[in-house]
Amino acid sequence: MSVSISTPPLSSIIGSRRRELGLSLRGLGKASGLHYSWLSKLESGRDPEVLSVSSLAGLSKALDIPISRLLVASGFDSDLVLPEFEEFLRLRYPKLGSARRRALLAAFRPPARASS
């Protein structure tokens, strides 16, 4: 028997959290640095033409949702990026302690995938 983990659509995650926090689309736009009409398209399932990691980072911060959750929901395969991210941390922040580096990597790690 195989188990699969279903991730809610990005639109559902963002819309639900926005309403939970009592934010309007304009309020979320101000908090995330994104235009409210772009957010409206995203929430209604009409994915905007450009969905960037920086857009997801702004939403992550404004909605207090781990960016890893948004990355997985958007279909981004972070397994391919994590080694690059680890290397980036080493090169950009050479004095960053190993404990802090591990904490950052853990924060950006996607949820474990179920095996088939």
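The values are calculated or read from the model by the stated rules, or taken from the named source; none is laboratory data. All values reported here derive from a predicted model rather than from experimental measurement. Here Cβ is always computed from backbone atoms with ideal geometry, including for glycine, and neighbour counts include all displayed protein chains.
Could you tell me which of the residues K61, K95 is among the charged types (D, E, K, R), surrounded by fewer than 11 Cβ atoms within 10 Å (Cβ to Cβ) and at pLDDT 80 or above?
Details: K61 fails: surrounded by fewer than 11 Cβ atoms within 10 Å (Cβ to Cβ).
Step by step, each of K61, K95 is checked, and only K95 is among the charged types (D, E, K, R), surrounded by fewer than 11 Cβ atoms within 10 Å (Cβ to Cβ) and at pLDDT 80 or above.
Looking at the range 13-58, which of the residues that are among the polar types (S, T, N, Q) and under 13 Å from the mean Cα position of the chain (by Cα) is modelled with the highest pLDDT? Show your work before the answer.
Restricting attention to the range 13-58, the residues satisfying the condition of being among the polar types (S, T, N, Q) are 16, 24, 32, 37, 40, 44, 52, 54-55.
Right, trim to under 13 Å from the mean Cα position of the chain (by Cα) and you get 32, 52, 54-55.
Details: S32: 94, S52: 81, S54: 84, S55: 87.
Out of the qualifying residues, it is S32.
Using the structure shown, decide if L104 is at pLDDT 80 or above, assigned to a loop (DSSP other than H, G, I, E, B) and surrounded by 10 or more Cβ atoms within 10 Å (Cβ to Cβ). If you could, list the steps in order and put the result at the bottom.
Details: at pLDDT 80 or above: yes; assigned to a loop (DSSP other than H, G, I, E, B): no; surrounded by 10 or more Cβ atoms within 10 Å (Cβ to Cβ): yes.
Spelling it out, it is not the case that L104 is at pLDDT 80 or above, assigned to a loop (DSSP other than H, G, I, E, B) and surrounded by 10 or more Cβ atoms within 10 Å (Cβ to Cβ).
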